[in-house]
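Below is one structure; the comments refer to it alone.
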Amino acid sequence: MIPFRYSAPASVEDAVTMAGEPGSRFLAGGTNIIDLMKMGVEHPSHLIDITRLPIDRIEEHQGGVRLGALTRNTAVAAHRLIRERYPVLSQAILAGASPQIRNMATTGGNLLQRTRCFYFYDPSYSECNKRVPGSGCAALQGNNRIHAILGASDRCIATYPGDMAVALAALDAKVVLRGPRGERSEAMDTFYRLPGDTPNIEHDLLPGEMITAVDLPPVQATGSRYLKVRDRNSFAFALVSVAAMLNIDAAGKITQARFALGGVAPRPWRVPEAEDALRGKIPADSVFRDAADILLRGAKPYRFNGFKVELARRAVVRALASASTRA
Ligand code: SF4
């Protein structure tokens, strides 16, 4: 084992100060960082245990709901405010991981989970630009069945693996961040970076910053659905997932559509033009297919993941059709 220091700060301010030290990592639910340490992928010099910090509440906030960063996934999915106002988020969380992991995993930690690319998780593969910048990408010519078809680069084709963030992107949620320079918030849509030439940089967290909350704005939707397609139903990451919300008026026309794809890109994938294409339309598979085509424009499959393009198209149509008929 590689030695590391352990601290349990008593305040967010202390945690942020400690996190400014290079090589430090936050420990919350521990459902990803501990695995990564055991497998030799991450080796922090300082583990900062934030589980005692008072950022674990779910409360109404500016007409919406604020989720403290340390709220557990199970608690969020089961909370009355979430089930009543944001059912797509509750569905997304319940589609992720096992009950045991959801009991431990936190909102902030869920957002920062790392990709499940096989080569990233196995340091015996020397080529992984995300793990060792400049080393290459074993997935480009390797087993890339689970990899991205959108937003990737020739340096990295890994996907963002989570479910919760896909629903949060469709909900226009904001990530609240606290750092040495104070508090700021960032839209979920732009929080994750595309890999470009630096796939080791995955999001817009500045050195020393921590996620303290996620803000959900008020939402108007007559129906929503989170649809996840995976290799097995019990416990697997998405090959493709869709968070879909529609608002339909009394005349039966769509007044607003929001949908995001998971499992296909380095971040939840949302294209405003695809959503605009549904406005004013009567719900029908044909109009949903047109919107899916816009969402998937530019898709670039690799040797083993070509099936994802049609799978994503069909999943979008099915999720939107379902959102057009249910709350
Ligand atoms: Fe590493 Fe990304 Fe290539 Fe996977 S896809 S091997 S994470 S560089």
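Every number in this text was worked out from the coordinates using simple rules, so none of it is lab data. Quick caveat: nothing in here was measured; it's all calculated off a predicted structure. Reconstructed Cβ throughout: ideal geometry from the backbone, glycine too, with neighbour counts over all protein chains shown.
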Which of 67, 171, 205 fluctuates most in a GNM of the chain (C-alpha springs under 10 Å)? That residue is 205
When the helices in the chain are scored as -39500 (n - 2.57) per DSSP H run of 4 or longer and the sum is shared across all residues, what 222 nm value do you end up with, to the nearest 500 deg cm²/dmol?
-7500 deg cm²/dmol
Which residues does a label at residue 84 reach in region 51-67, if reach means a backbone N under 17 Å from a point 7 Å past the Cα toward the Cβ?
58-67
Relative contact order, percent, of region 172-238 when contacts are C-alpha pairs under 8 Å separated by at least 6 residues?
33
Calculate the length of the line joining the C-alpha centroid of region 266-327 to that of region 167-232, in whole Å.
21
If you keep only loop residues by DSSP, which trypsin sites (Lys or Arg not before Pro) in region 197-271 have at most 13 other Cβ atoms within 10 Å of their Cβ?
232
So how far, in whole Å, is the C-alpha centre of region 71-141 from the one of region 39-54?
16
Hey, which lysines would be in cross-link range of residue 38, C-alpha to C-alpha under 22 Å, not counting anything within fewer than 8 residues on its own chain?
130
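Looking at the square roots a ≥ b ≥ c of the eigenvalues of the Cα gyration tensor of region 265-317, which shape do they give, rounded for a/c under 1.5, prolate if a/b is larger than b/c, or oblate?
prolate
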For the chain, give the magnitude of the charge dipole about the Cα centre (Cβ charges: +1 Lys/Arg, -1 Asp/Glu; no others), in debye to the nearest 20.
880
Which of the lysines could a cross-linker bridge to residue 308, judged by Cα under 19 Å and excluding same-chain residues fewer than eight apart?
228, 300
Dipole of the chain, positive direction: furthest Cα of 168, 213, 139, with charges on the beta-carbon
139
As straight-line cross-link partners of residue 281, the qualifying aspartates and glutamates (C-alpha separation under 20 Å, not fewer than 8 residues apart within one chain) are 249, 273, 290, 293
